[in-house]
Amino acid sequence: MKTEAHPKLTKILTGLIAAIIVLVPFQAFLTVWASSIFGHYTAWRLWNEALLALGAVLGLGLLWQDKSLWQSLKQQAVFWLLLAYALLELITGFISLGLRDVSTKALGYGLIINLRFLFFFLLCFVVVSRNTWLKQYWQKLLLIPAAIVIIFGLLQHFALPYDFLKHFGYKAGTIYPYETINHNLKYVRIISTLRGANPLGAYLIIITAALTAFFIKAKVKKLRLLYGTF
């Protein structure tokens with residue numbers, strides 16, 4: 001474990017990142033369910049962005065307090081590439097807004113969608129530079145929720161009624177409780193806890209890539225042990 005600078009702030013950020021990783025696969029399900037109880041569906045949809053915004057503020061605070069961390073971040077080429085991409089998004093977005101090709105609401109939503117992953121990556125980079133807890137436990141944080149998503153998806157396909165999610169508030173005004181191919185109930189697409197079949201597929205690609213990296217790393221370790229190297 002590395003020596004932590006500003007341990008309280010680092011621990012808060014670590015917990016925040018862990019919460020985002022664990023909860024994001026269930027964002028759609030939790031949002032619809034909560035809105036069915038309390039209302040305000042649009043507001044509930046932004047809870048993960050709110051967590052990320054809080055993380056960004058705390059991350060900036062950590063960089064402000066830890067000058068060496070900021071100097072290290074500035075030396076990373078990926079930091080400047082991400083910053084350039086974010087700047088490009090802002091410039092093109094405001095040009096489109098000026099030309100009235102998009103509305104203010106559409107611009108804001110587009111920037112959130114396109115930039116949140118970049119901010120999350122940078123936040124993880126900053127935190128991991130000062131605390132290795134996420135490095136040690138990322139497999140559990142990522143794969144245990146993935147197992148739940150997969151099991152629930154299999155239950156949807158083999159055991160549960162096709163419209164089972166309607167009991168949790170899924171409907172036309174939020175997320176439809178099921179998807180089909182050509183409106184044919186014989187061909188229901190699995191959505192699990194994601195907001196649709198396509199997002200589920202994209203999520204499983206990430207999980208597949210993570211598993212591939214995990215097994216490659218494990219194999220490399222076995223080869224090192226075989227040859228007596230470290």
message = Looking at the structure I just gave you, is Leu52 under 25 Å from Gly110 (Cβ atoms), in contact (Cβ under 8 Å) with a residue 60 or more places away in the chain and open to solvent by less than 30 Å² (accessible area, probe 1.4 Å)?
response = yes
note = If we keep only residues of the stretch 2-43 that are open to solvent by 30 Å² or more (accessible area, probe 1.4 Å) and outside any helix (DSSP H, G or I), then the residue nearest to Gln139 (Cα to Cα) is Lys2
ask   = Scanning for something touching a residue at least 40 places away in the same chain (Cβ under 8 Å) and open to solvent by less than 30 Å² (accessible area, probe 1.4 Å), does the stretch 72-79 turn up at least one residue?
value = yes
request  = Residue by residue through the stretch 44-59, note down the ones that are part of a helix (DSSP H, G or I) and hydrophobic (A, V, I, L, M, F, W, C).
outcome  = Trp44, Trp47, Ala50, Leu51, Leu52, Ala53, Leu54, Ala56, Val57, Leu58
remark   = Matching residues in the stretch 146-191 (of a type in the set (Val, Ile, Thr), in contact (Cβ under 8 Å) with a residue 12 or more places away in the chain and open to solvent by 60 Å² or more (accessible area, probe 1.4 Å)) number 2
note = The correct count of residues that are surrounded by 12 or more Cβ atoms within 10 Å (Cβ to Cβ) and assigned to a helix (DSSP H, G or I) in the stretch 60-71 is 7
task = Examine the stretch 195-204 for a residue that is open to solvent by 30 Å² or more (accessible area, probe 1.4 Å), of a type outside the set (D, E, K, R), assigned to a loop (DSSP other than H, G, I, E, B) and under 20 Å from Leu23 (Cα atoms), and state whether such a residue exists.
result = no
Unmet criterion (only one of (1) assigned to a loop (DSSP other than H, G, I, E, B); (2) more than 27 Å from Leu46 (Cβ to Cβ)) for His157 = (1)
query = How many residues are open to solvent by 50 Å² or more (accessible area, probe 1.4 Å) and either among the small types (Gly, Ala, Ser) or under 24 Å from Leu46 (Cα atoms) (or both) if we restrict to the stretch 121-134?
reply = 2
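The values are calculated or read from the model by the stated rules, or taken from the named source; none is laboratory data. None of the values given here were measured: they were computed from a predicted structure. Because the Cβ atoms are built from the backbone with ideal geometry, glycine has one as well, and the counts that use them run over all protein chains shown. Heads up: the accessible areas ignore ligands, DNA and RNA and are worked out on the full protein's heavy atoms, side chains in. Shrake-Rupley method; radii C 1.70, N 1.55, O 1.52, S 1.80 Å.
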